[in-house]
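The values are calculated or read from the model by the stated rules, or taken from the named source; none is laboratory data. Here the structure is a predicted model, which is why all the values come from computation and not from measurement. Cβ placement follows ideal geometry from the backbone for every residue including glycine, while neighbour counts extend to all protein chains displayed. Quick note on the areas: whole protein, heavy atoms, side chains included, nothing else; ligands and nucleic acids left out. Shrake-Rupley method; radii C 1.70, N 1.55, O 1.52, S 1.80 Å.
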Amino acid sequence: MRRLAEIAVAVSGVTLGLAVEPVWMPDSGLDYSSLTSLTMLGPYAVPFIAVVLTTVAGTLRAAHLVTRRAELASRRALGQSRGSLVRAEALLGATSGAAWGGAALVAGSVVRQASQGFGPGSPYWGALGTLAWFWLALVLGAAGGWLMAAAWATRDTRDDASARRSVESAPRARRERWPWAAGALALPTLAMSVTGWPGDVAMPWTLVLFLVSALGYYVAVPALLVRWGSRLGLAILRGIARVLDRAASPASASSLAADSLMRRTPLRGAALGAIGLVVAVATGASLALNANTARNALANELAPDAIVASVPVIESGRPVADQPSPGWAPALDPVIIAELEADPAVVVVPAAVLTVGVDRGIDTVFAVDRDALDGLDPRGLRPTYLDGAVAIGTGYDVLIIGDLQVAADWPSVAAPFSGIDRDWAEGVLGDAPTSAMLIYGSDAAAALAAHDLGSAVVSYPERGYVEGDPWADASSLALVAGPFLLGAVAIVVALAAASQRLRAREHATLVALGARAGTMRAAAALESGLVTAVGAALGLAAGTALGLGMSALNGAGGWGVRLWNLGFDLAQAPWGALIGLVAVAVALASGLAALVRIRADASSPAEQLREAEKDGVQ
């Protein structure tokens with residue numbers, strides 16, 4: 001138990017080292033896209049890794065420190081302040097993170113390099129930079145975990161005997177202040193995310209808002225979720241224990257497990273929080289990542305292969321010859337429209353071209369029906385949030401047409417082209433003629449060459465989204481979330497060992513009275529399995545809510561399209577992989593807890609009683 005926290009840091013380091021591209025890229029034509037999005041996120045991944053590692057490693061370190069309470073109390077009695085103890089532990093954690101994490105990162109990177117071979121030339125500096133960021137995350141996570149554990153282990157100590165006597169003579173509930181501080185950070189952070197307030201501000205307020213948002217997102221919100229989730233998990237476990245106790249016979253494994261779950265045990269709440277946090281991060285990140293990747297793939301699929309329009313199409317504000325004036329473009333020749341619609345080699349979608357003024361010049365926006373692309377894909381344009389007063393693929397919140405300024409929301413998601421809803425646009429700007437045809441076909445250029453398009457302008461837009469975007473599946477989840485979940489399972493096993501140690505006298509008495517070894521093992525396995533299952537279930541629920549929230553923040557439009565996109569996002573999550581990962585964690589926790597009990601059963605009841613007396617177990 002002493003080195004479990006260091007082992008968690010090392011396992012995390014090896015995993016992150018494996019996730020980074022080789023430092024010397026082999027020239028073999030392989031696909032070197034990252035196994036996960038962490039490699040591409042670089043510094044943005046540091047807070048997530050640090051928070052998860054702080055929770056897992058800190059809980060494991062606390063499981064060790066709880067066995068050294070007497071030593072910590074004696075050091076306080078000799079005059080060492082609580083602050084100096086906590087600072088010393090934090091420094092020890094940073095040192096452990098730097099040493100264990102650094103060595104593990106190098107080991108993981110070497111294994112990745114050896115598995116794919118070495119390439120010529122200079123090293124890939126992007127991979128070295130990612131390794132440096134991951135090393136920083138391991139150092140911060142270890143330092144935070146050791147600090148958290150030390151603060152928890154010394155929370156009830158006092159600086160003098162008189163303070164202790166006064167507390168003992170007049171006990172009262174100890175009020176924690178950190179949840180209020182966390183709430184004070186979380187509320188403005190969430191409010192700014194939802195409302196977009198205060199918009200663009202000058203320095204130094206930009207830096208202040210960035211720091212508040214970073215602390216709120218990466219520290220305050222996770223801490224509050226872990227706290228509330230742990231308390232909810234403990235309440236659920238107590239409810240399960242009551243049900244088991246009523247339905248089981250007194251000497252059964254279910255009854256023994258229920259009795260243990262009803263008792264207060266150090267770190268049970270932390271174990272629930274650690275498991276819930278790991279599963280929540282894995283669920284939320286994979287849901288948001290897969291939803292974004294699916295939208296990119298759909299935008300690439302629905303991007304037109306060619307455009308036939310009555311005016312030149314302006315892309316990204318780049319000037320073109322014969323640049324059109326703002327407003328609706330003139331109608332496309334009806335003969336051209338009829339010929340293209342009759343051509344079986346292509347699929348055509350009618351659109352109205354709107355030339356608008358924007359902050360960097362003018363641009364082209366296509367007005368199409370919301371269901372115009374349903375024939376190409378049943379999902380159509382709904383994943384882009386196309387709706388009334390929504391401009392997709394633009395990034396503009398004001399469209400300028402002459403003296404008229406039209407406000408429009410824009411979703412921060414991929415879109416096949418810059419577009420608006422035609423019905424809404426005609427209601428605001430008046431009727432629009434069909435002035436463009438979006439062309440889809442495997443060989444659109446050859447198909448268009450067979451037609452006399454007259455003065456129509458033909459363009460072939462570039463596809464902005466390519467295949468190969470990161471996708472969370474069973475292998476990537478096992479690689480990235482698996483080690484952290486193993487750390488959380490280690491917490492549950494350490495909790496099982498601590499629980500059995502605290503009840504060693506009682507267990508030895510039960511064995512002496514004839515309790516079967518199999519019953520004792522089944523009780524230990526059931527208790528650990530329930531703790532893991534409840535924590536994971538809460539993590540799945542919280543992660544789903546967080547993932548949907550992150551995705552919804554990028555959306556736009558009315559409730560109808562937003563609710564449809566919530567269903568779309570839910571369908572992209574790797575539920576089979578997530579549930580499989582949870583099932584493996586529950587099985588591991590149950591099996592390892594039973595192994596802990598098997599080790600205890602190796603001693604006779606008399607020997608177990610003597611060990612309990614030696615450890616001072618009451």
ask   = Pick from ASP377, ASP387: which is buried (at least 23 other Cβ atoms within 10 Å of the Cβ) and touching a residue at least 12 places away in the same chain (Cβ under 8 Å)?
value = ASP387
ask   = When you go through GLY529, GLY514 one by one, which is the residue that is at positive phi and either modelled with pLDDT of 90 or more or open to solvent by 20 Å² or more (accessible area, probe 1.4 Å) (or both)?
value = GLY514
key: Selection from segment 324-346 of residues that are open to solvent by less than 70 Å² (accessible area, probe 1.4 Å) and farther than 15 Å from ALA432 by Cα   = PRO324, ILE336, ILE337, ALA338, LEU340, ASP343, ALA345, VAL346
request  = State all residues of segment 52-68 that are over 27 Å from THR283 (Cα atoms) and either open to solvent by less than 10 Å² (accessible area, probe 1.4 Å) or under 29 Å from the mean Cα position of the chain (by Cα) (or both); if no residue qualifies, say none.
outcome  = HIS64, LEU65
request  = Being touching a Phe, Trp or Tyr at 6+ places or on another chain (Cβ under 6 Å) and over 20 Å from PRO43 (Cβ atoms) is the filter; apply it to segment 105-140 and report the residue that is most open to solvent (accessible area, probe 1.4 Å).
outcome  = PHE118
remark   = In segment 382-408, residues that are polar (S, T, N, Q) and in a loop (DSSP other than H, G, I, E, B) total 1
ask   = Across segment 260-308, what is the total count of residues that are open to solvent by 20 Å² or more (accessible area, probe 1.4 Å) and part of a loop (DSSP other than H, G, I, E, B)?
value = 6
